[in-house]
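Remarks on the structure that follows.
The values are calculated or read from the model by the stated rules, or taken from the named source; none is laboratory data. On a predicted model such as this, the values are computed, not experimentally measured, just so you know. Ideal geometry is used to build each Cβ from the backbone, glycine not excepted, and the neighbour counts take in all protein chains shown.
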Amino acid sequence: MQIQGYFDLRFEALKDAFAELFDDPQERGAALCVQVGGETVVDIWAGTADKDGAQAWHSDTILNLFSCTKTFAAVAALQLVEQGKLELDAPVARWWPEFAAAGKERVTLRQLLCHRAGLPALHAPLPAEALYDWAQMTSALAAERPWWTPGETHGYSPITYGWLVGELLRRADGRGPGESIVARIARPLGLDFHVGLADQEFPRVAHIARKKGDMGDAAAQRLLKCMMSEPASLTTRAFANPPSILTSTNKPEWRRMQQPAANGHGNARALAGFYAALLDGRLLEPELLGEMTREHSCGEDRTLLTATRLGLGCMLDQPDVANATYGLGPKAFGHPGAGGSVGFADPDRDVAFGFVTNSLGPYVLMDPRAQKLARTLGRCL
């Protein structure tokens, strides 16, 4: 496999480990970018971007980053906290009065960001087209009764997070949630990152497809079994209500919408640039970054049926949990996206890491491909 791009010779082993990914014939395309101390030491890509495997992955190829988007949304919200336009521990209903319904009058932004608000899913089944109707989804969530007493436990919100945090962004910042994120983060940093993609960008978006035959680890199998056998469960509703969530990633209407939980589009360079800017203080003051990366939730996740450790809009490293470590230091924080893409920072090593792939694996948290690359990086440092 021909590897394109740049790497510092100190990181040749990392380039070789990236090339080895393509020993798997199902690996379509991927990119890797690493910054150390704010300097780009690796920026490489390879493989194909289109559905038929005919179009090469290019320097400017972008793709759906799924839940990697959540941390961008959290940082935009935390900037509004810094500016006094939102508060972490004030009721959400102060900005969104309708949200107080059904026992949610005390739910806070902090609880939304660390997945303790009890709103990982909607109880009542919704039609597929509701996915693209912002008003319908936010109204449904405002009326929703929590699945547990808010604050008592945690359960990851795969997609509702986007409408919940996004509606607060919209109300506090006076613009669409994707516009808020891009204006506050992507544009000032020069990142090729979008939440609500313009049609003219579509030709450079990689087509995403699932790998076949890989059943993943025990956590992946547990999640799949639940979704196949328990249609009304919290977990199934979280991932498949509306039912179009899991089947929309390559559709134009998905690319166009602003869903700050799951449909950010960008590349490895954008992920590494974002985490480098968090480490060097360009996005948040140290106090709020400390709050964001402090443990807020830890233990068995009601939605994911595996152990998660969460900050505010980010996942914190669990060094002793095989499927929940980024593969570098214990203070690492970031966010994986469905199927294998991941962005994270390791503050101890001053590393910002971005890996993206359009070959979706089955894993629930960290993908072994990214973990292997991170461990190889650690040996190069």
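Quick check, is residue 193 touching a strand residue (DSSP E or B) at 6+ places or on another chain (Cβ under 6 Å) and surrounded by 19 or more Cβ atoms within 10 Å (Cβ to Cβ)?
Details: touching a strand residue (DSSP E or B) at 6+ places or on another chain (Cβ under 6 Å): yes; surrounded by 19 or more Cβ atoms within 10 Å (Cβ to Cβ): yes.
Taking the combined requirement at face value, the residue satisfies it.
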Check: Looking at the range 196-231, which of the residues that are free of Cβ contacts under 8 Å to residues at least 24 places away in the same chain and not in a loop (DSSP other than H, G, I, E, B) is surrounded by the most Cβ atoms within 10 Å (Cβ to Cβ)?
Finding: 227
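Residue 186: of a type in the set (A, V, I, L, M), assigned to a helix (DSSP H, G or I), surrounded by 13 or more Cβ atoms within 10 Å (Cβ to Cβ) and modelled with pLDDT of 95 or more, yes or no?
Values: of a type in the set (A, V, I, L, M): yes; assigned to a helix (DSSP H, G or I): yes; surrounded by 13 or more Cβ atoms within 10 Å (Cβ to Cβ): yes; modelled with pLDDT of 95 or more: yes.
For residue 186, the condition - of a type in the set (A, V, I, L, M), assigned to a helix (DSSP H, G or I), surrounded by 13 or more Cβ atoms within 10 Å (Cβ to Cβ) and modelled with pLDDT of 95 or more - is met.
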Next item on the list: Select the helices (runs of 4 or more DSSP H) contained entirely in the range 245-348, then report the ones holding at least 3 residues which are under 29 Å from residue 29 (Cβ atoms).
Entry: 252-256, 268-279
Checklist line | Options 174, 103, 118, 84: the member that is crowded, with 16+ Cβ neighbours inside 10 Å, on the phi > 0 side of the Ramachandran plot and out of contact with any strand residue (DSSP E or B) (no Cβ under 6 Å at 6 or more places or on another chain) | finding: 118
Next item on the list: State which residue is surrounded by the fewest Cβ atoms within 10 Å (Cβ to Cβ) when the search covers only the range 135-156 and only residues that are touching a helix residue (DSSP H, G or I) at 6+ places or on another chain (Cβ under 7 Å) and under 18 Å from residue 259 (Cα atoms).
Entry: 136
Item checked: Filter result for the condition that a residue is free of Cβ contacts under 8 Å to residues at least 40 places away in the same chain and among the small types (Gly, Ala, Ser), over 49, 77, 54, 101 -> 54
Note to self: Which residue is nearest to the chain's Cα centre (by Cα), if the candidates are limited to the range 1-47 and must be charged (D, E, K, R) and more than 19 Å from residue 368 (Cα to Cα)?
What the structure shows: 43
Next item on the list: Give the number of residues within the range 341-381 that are buried (at least 24 other Cβ atoms within 10 Å of the Cβ) and without any contact (Cβ under 8 Å) to a residue 24 or more places away in the chain.
Entry: 1
